[in-house]
1. Would you mention how many residues in the range 57-91 are touching a helix residue (DSSP H, G or I) at 6+ places or on another chain (Cβ under 8 Å), within 16 Å of the ligand (Cβ to nearest atom), at pLDDT 95 or above and not in a helix (DSSP H, G or I)?
2. I want to confirm something. Restricting to the range 18-39 and keeping residues that are within 16 Å of the ligand (Cβ to nearest atom) and within 24 Å of residue 125 (Cα to Cα), which single residue is surrounded by the most Cβ atoms within 10 Å (Cβ to Cβ)?
3. Considering only residues that are touching a helix residue (DSSP H, G or I) at 6+ places or on another chain (Cβ under 7 Å) and within 16 Å of the ligand (Cβ to nearest atom), look in the range 99-110 and name the one that is farthest from residue 19 (Cα to Cα).
4. For the range 40-56, name all the residues that are under 16 Å from residue 122 (Cβ atoms) and within 16 Å of the ligand (Cβ to nearest atom).
5. Select from the range 4-17 the residues that are part of a helix (DSSP H, G or I) and in contact (Cβ under 8 Å) with a residue 12 or more places away in the chain and write down the one among them that is surrounded by the most Cβ atoms within 10 Å (Cβ to Cβ).
Ligand SMILES: [Mg+2]
């Protein structure tokens, strides 16, 4: 599996990657991007199975990146992980086509359940 982790904070990316269940992490190719523009470019190049996306980033934020990724691939699986989980932000990301959203930092237990959920989303896709 290919997983794209997008966050402008290197520490956040590292923590997120660490929270991915070990069996999945070790058998996956983990790609990283540090802003929305880089995320869109990497998506088009690599077609990752799952994208974990931050919202507040320089150059291009997560909302615009999500919009562009979904426009490019309506079946993209993008899971938003952000410090901003206000109702308004939630509504907006789901409107744009996100598969889910959680607040950061993500605990490993939470990540395990997110992966169960995402595997289910992937299996229904094909
Ligand atoms: Mg950020």
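The values are calculated or read from the model by the stated rules, or taken from the named source; none is laboratory data. Everything quoted here is computed from the prediction, not taken from an experiment. Reconstructed Cβ throughout: ideal geometry from the backbone, glycine too, with neighbour counts over all protein chains shown.
1. Total meeting the criteria: 8.
2. Filtering first and then ranking leaves 39.
3. This residue is 101.
4. Matches in the range 40-56: 51, 52.
5. From the range 4-17, those part of a helix (DSSP H, G or I) are 10-17; that's our starting set.
Filter once more, so that each one left must be in contact (Cβ under 8 Å) with a residue 12 or more places away in the chain: 10, 12-13, 15-17.
Values: 10: 10, 12: 19, 13: 19, 15: 15, 16: 23, 17: 15.
Top of the filtered list is 16.
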